[in-house]
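Okay, structure first, notes after.
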Amino acid sequence: MRPLFGDTSSRVTNRLEKAERLAGFPFKVPSYLPSGVTYVNSNILNSNESESSENTVMHLFRSENISLTIIGSTVERTEESFKVMSDDSSVDSTLSKEQISVKGKSVKVNTRTATFENGTVYKDVVYHWSDEGLYYYIQGVAPLENKEIVKIVESFQAPNAELRKTYVNHDFLNSDILDLEDLEYFSGMIGFAPAFPLELPRGYKATEAYVNKKLNFSYPENEEDKHKRTIHITFENPEKPNTIVLVAQIKDKSIVENMRKTKKVPFERIDGAKFEVPVTSLNISGQEVFRTAPYKIDDTLSSQKEKDNYTYFWLKEDVCYKVTFKEVEAEVQQQLVAALVKEKAIDLKK
């Protein structure tokens, strides 16, 4: 599937099935995970900088107390990558090595221990082995006992339908939309086919798209409202590098309906507090549009040096559209809103 925003060396996905297609090589994953540990996401890395091209897939797992990264790579990591703990000369770091056997496989265990001046001891443990031409690594911030790692290594297998169901994170906060396949997948999650232009007037081009939650759209009314899904597209203009246009959409009538009544829109600051910004009603290309007064992204918590934002909202059927402008001139703002108002929902069947 052709990427929407050009090839990049790093791509993140919320599901194993997508990671398999992006990686470009077959890899194995564990079918056993310790109690409470769940899949977070996969990051696919491609590098052609070395003589042997390196392709890597990294899976992140977490529980309340454990963070595990499981890596499959076409190139073996050098011994040097296990030795450097910190550039801080005040940190005393050591590397210890051992070897364990798992189902006839030799698994190396490298433990980097750093002791800081205040007495804090930090340990980073990496388990690594080779299997069918690939190199695998398990790295833990809060390492597990060897017996648990052995169970994980023993369970490595080629992905199947059952594992693909397990390796999906429906609650991942920021899920990248990499191609039309992703767009179709996430349209099902957000509950509608979005307007999805890749270019806007005045030289603005889409550079990324992702799915997020309502807390990054407007202030959620309750806990359930917090988890409503939103879709975001970022536009940039190479001729005006400081300017950004952020387009977001959500299936929600209440945001605009409340603006009509209160003449304000609520946002959430970085500390979770609510703040409200006055809005003015405009008519742009026959569409009722609400424009905010200038505001800073985190209200009084923002630096006074930070540039003001201007945001426009409108409602088409049951979808609320939001466009935020950073350092874009007022007359250009309205031109771009006028173009976006005319955008129709993408036809994913084409």
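The values are calculated or read from the model by the stated rules, or taken from the named source; none is laboratory data. These figures come from a predicted structure and were not determined experimentally. No Cβ is skipped: glycine too gets one built from the backbone with ideal geometry, and neighbour counts run over all protein chains shown.
Going through Asp252, Asp299 one at a time, which residue ends up being assigned by TED's automatic domain parsing to the domain that holds Phe186, acidic (Asp, Glu) and within 20 Å of Phe192 (Cβ to Cβ)?
Every option except Asp252 fails the conditions.
Please identify the pairs in which a residue from the stretch 211-233 that is within 14 Å of Gly191 (Cβ to Cβ) has its Cβ atom under 7 Å from the Cβ atom of a residue that is modelled with pLDDT of 90 or more and among the acidic types (Asp, Glu), counting only partners at least 6 apart or on another chain.
Close Cβ pairs satisfying both conditions: Lys228/Asp252.
For the stretch 184-206, give me the residue count where each residue is under 21 Å from Thr13 (Cβ atoms) and surrounded by fewer than 17 Cβ atoms within 10 Å (Cβ to Cβ).
5
Can you name the number of the only condition in (1) in a loop (DSSP other than H, G, I, E, B); (2) closer than 21 Å to Thr230 by Cβ; (3) among the polar types (S, T, N, Q) that Thr311 fails?
Of everything listed in (1) in a loop (DSSP other than H, G, I, E, B); (2) closer than 21 Å to Thr230 by Cβ; (3) among the polar types (S, T, N, Q), Thr311 misses just condition (1).
So that you can scan it fast, the table gives a plain yes or no per residue for (1) buried (at least 17 other Cβ atoms within 10 Å of the Cβ); (2) at pLDDT below 75; (3) in a strand (DSSP E or B):
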residue: Phe27; (1), (2), (3): yes, no, no
residue: Pro34; (1), (2), (3): no, no, no
residue: Asn43; (1), (2), (3): yes, no, yes
residue: Ser50; (1), (2), (3): no, yes, no
residue: Glu80; (1), (2), (3): no, yes, no
residue: Ser90; (1), (2), (3): no, yes, no
residue: Ser101; (1), (2), (3): no, no, yes
residue: Ser106; (1), (2), (3): no, no, yes
residue: Val109; (1), (2), (3): yes, no, yes
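I need a count of the residues in the stretch 234-253 that are without any contact (Cβ under 8 Å) to a residue 40 or more places away in the chain, within 30 Å of Met189 (Cβ to Cβ) and surrounded by fewer than 16 Cβ atoms within 10 Å (Cβ to Cβ).
0
Being crowded, with 20+ Cβ neighbours inside 10 Å, assigned to a strand (DSSP E or B) and without any contact (Cβ under 8 Å) to a residue 60 or more places away in the chain, is that true of even one residue in the stretch 292-304?
Yes, there is a match, as at least one residue in the stretch 292-304 is crowded, with 20+ Cβ neighbours inside 10 Å, assigned to a strand (DSSP E or B) and without any contact (Cβ under 8 Å) to a residue 60 or more places away in the chain.
How many residues does the stretch 111-133 hold that are exposed (fewer than 15 other Cβ atoms within 10 Å of the Cβ), modelled with pLDDT under 90 and of a type in the set (Gly, Ala, Ser)?
Going through the stretch 111-133 one residue at a time, the tally reaches 1.
Out of the residues in the stretch 136-183 that are of a type in the set (Phe, Trp, Tyr) and under 14 Å from Tyr32 (Cβ atoms), state the one that is surrounded by the fewest Cβ atoms within 10 Å (Cβ to Cβ).
Of everything passing the filter in the stretch 136-183, Phe156 is surrounded by the fewest Cβ atoms within 10 Å (Cβ to Cβ).
With Val279, Val256 as the choices, which residue is without any contact (Cβ under 8 Å) to a residue 40 or more places away in the chain, buried (at least 18 other Cβ atoms within 10 Å of the Cβ), out of contact with any His (no Cβ under 9 Å at 6 or more places or on another chain) and farther than 20 Å from Thr243 by Cα?
Val279
Test Glu181 against the criterion of being touching a helix residue (DSSP H, G or I) at 6+ places or on another chain (Cβ under 9 Å), assigned to a loop (DSSP other than H, G, I, E, B) and in the same structural domain as Asp298 (by TED's automatic domain parsing), and give yes or no.
It is false that Glu181 is touching a helix residue (DSSP H, G or I) at 6+ places or on another chain (Cβ under 9 Å), assigned to a loop (DSSP other than H, G, I, E, B) and in the same structural domain as Asp298 (by TED's automatic domain parsing).
For the stretch 165-214, give me each residue that is closer than 25 Å to Glu331 by Cα and of a type in the set (S, T, N, Q).
Thr207
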